[in-house]
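This report concerns only the one structure given below.
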Amino acid sequence: MREAVGLPQNSAKAGHFMLPTLFQWIHVGAAVMGVGGMGFLLGVLLPGSQVLDPAQRDLLLQAVLKRFRWVTWSVIGLLLASGLYNVRQVWEVPPGTYWTWLKVKIALALAVFLISLCLTVPLAAFDRFRERRQFWLWTAFALALAVILISAYLRRA
Ligand code: HEM
């Protein structure tokens, strides 16, 4: 489907490939860092930190999560910018299954961003939300994995 809408599949001009390649690199790189970071927190750091006594554990988690905030915010900005560029690239795809799944993917990605912001923006209004940090982190991680699955499908749709 995407081949039919004039993406530069066989273009001899290297310039045609440079910008899309750059944005694909940014998009995939940011996704790897964001989703990989969540997987590391959930699968390694949070369970691993159980060996520490509660005071040390809180200290470690506070320091790590404070740093991870900046990773989260950068990843969201990069995914949004490169995602919008990607949408422009596929704009000519005719309405149908492709667009249905693209809209589902974008809605799920926005839900992941919203959960991530509620977990990381240091506002008292989100404190209640942060009390269930692990639950929301698992939810965002599962949704992000679904986003990647849909993205893999879109590439071939
Ligand atoms: C949790 C956030 C997101 C993740 C993990 C993610 C991940 C991915 C991945 C892995 C790909 C495949 C790249 C490739 O095939 O080389 C992709 C493609 C794409 N993404 Fe995202 N993305 C996210 C958010 C977004 C957002 C917010 C938008 C739009 C505003 C977007 C629009 C697109 C488009 C249009 C494609 C190309 C689909 C195609 O191959 O036809 N993505 N994304």
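Read the figures in this text as sums done on the coordinates, not as results from a lab. Owing to the predicted nature of the structure, the values given are computational and were not obtained by experimental measurement. Every residue, glycine among them, receives a Cβ derived from its backbone with ideal geometry; neighbour counts consider all protein chains shown.
Tabulated values for the structure
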{"item": "Principal-axis tilt of helix 15-40 within the chain, Cα atoms, nearest 10 degrees", "result": "20"}
{"item": "Contour excess over end-to-end distance, with Cα ends at residue 25 and residue 50 and 0.36 nm allotted per residue", "result": "5.4 nm"}
{"item": "Estimated distance in nm for a label pair at residue 58 and residue 74, the labels positioned 7 Å out from Cα along Cα-to-Cβ", "result": "3.0"}
{"item": "Overall dimensions of the chain as given by Cα atoms, namely Rg and Dmax in Å", "result": "18.6, 61"}
{"item": "Relative contact order computed over segment 36-155 (Cα-Cα under 8 Å; 6+ residues apart), in percent", "result": "33"}
